[in-house]
Structure formats: structure tokens, C-alpha cells
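So the structure is just underneath, and the comments pick up after that.
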Amino acid sequence: MDGFEFSGQGRLSRVETFTTKSGKNILTLVIEVNGQYPQLVPVKVFGRLAERADEWKPGDVLSMTGRLGGRDWNGKVYGEITATNVEVVASKEQRTAGKHRDEHYQAPPPDDDSDVPF
């Protein structure tokens, strides 16, 4: 059995850092996923992928793939979502620049102004 995989995209809400007792940092990307029932999805990143965390800013739309897993501890199962690839689809700056451009856009005047009422 190869594993249980996922792919998806959403807007980065925040990046949380947890330091283990051994001093290892675990990064969790909190992703906002819209829909009929919007949700926050915690996705962990490790190793070289975690080193790229400076590239991701809150508000960026991220596309990611990874694996789903979990552990049994004291009779309870705890799920875990781990990213294996993360790409920025649209940065917050790109999205806000597009909005400002649209707000200030004015349609060019018609080629023929013979129908002007005055």
C-alpha cells in the first residue's frame, strides 16, 4: 500500500511554529478553504519544504500536494496532513493589485459619439 494522498489549494491564513523538546521546528500552514462551509485546514511542512516558508505570506493562494496519515495514541487516532509540495498560485500583492486596477478601470469612449444625447 503506497499511502493516502491529497491535492488542493486555499488561502494561507497564518504559519504556526512548534518547537519539539529536541529543538526541531515543525511548521503548520493554516489554510482557509472556502465553500458552502468554509474551513481552516492545518497542513504540516518539514525539511527542505519548511525552509521555503519565508516565500509564503498570509493572503497568498497556495496549491499543495501531500499525504494524509495519523497515529494511534492511548486508544485515540490523531490525523495528520503533511505537504510534500507547495507552490504559490497567486500572491496577496498580485490579487490586491488586480483589484485596484479593476476599481480604477474606465472603459474607453465609444468610437462613434453621434449618439450622445447633448
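The values are calculated or read from the model by the stated rules, or taken from the named source; none is laboratory data. Keep in mind that what you see is a predicted model, and the values were worked out from it rather than measured. Please note: Cβ atoms are built from the backbone with ideal geometry, for glycine as well, and neighbour counts cover all protein chains shown.
Is it the case that some residue within segment 42-53 is farther than 13 Å from ALA83 by Cα, in contact with a Ser or Thr (Cβ under 9 Å, 6 or more places away or on another chain) and touching a residue at least 12 places away in the same chain (Cβ under 8 Å)? No; the residues of segment 42-53 include none that is farther than 13 Å from ALA83 by Cα, in contact with a Ser or Thr (Cβ under 9 Å, 6 or more places away or on another chain) and touching a residue at least 12 places away in the same chain (Cβ under 8 Å). Take ARG71 and decide whether it is surrounded by 13 or more Cβ atoms within 10 Å (Cβ to Cβ) and more than 23 Å from SER91 (Cα to Cα). No.
A search for C-beta distances below 9 Å between a residue of segment 74-98 that is under 16 Å from ARG14 (Cα atoms) and surrounded by 13 or more Cβ atoms within 10 Å (Cβ to Cβ) and any residue that is among the acidic types (Asp, Glu) and modelled with pLDDT under 95, counting only pairs 6+ apart in sequence or on different chains, returns VAL86/GLU55; VAL88/GLU55. Within segment 46-74, being at pLDDT below 95, hydrophobic (A, V, I, L, M, F, W, C) and in a strand (DSSP E or B) holds for one residue alone: TRP73. What about GLY10, is it more than 21 Å from ASN85 (Cβ to Cβ) and not polar (S, T, N, Q)? No; evaluated as a whole, the condition is false for this residue.
Considered as a group, the residues in segment 8-38 that are loosely packed, with under 10 Cβ neighbours inside 10 Å and among the polar types (S, T, N, Q) include one that is nearest to GLY66 (Cα to Cα), and that residue is ASN34.
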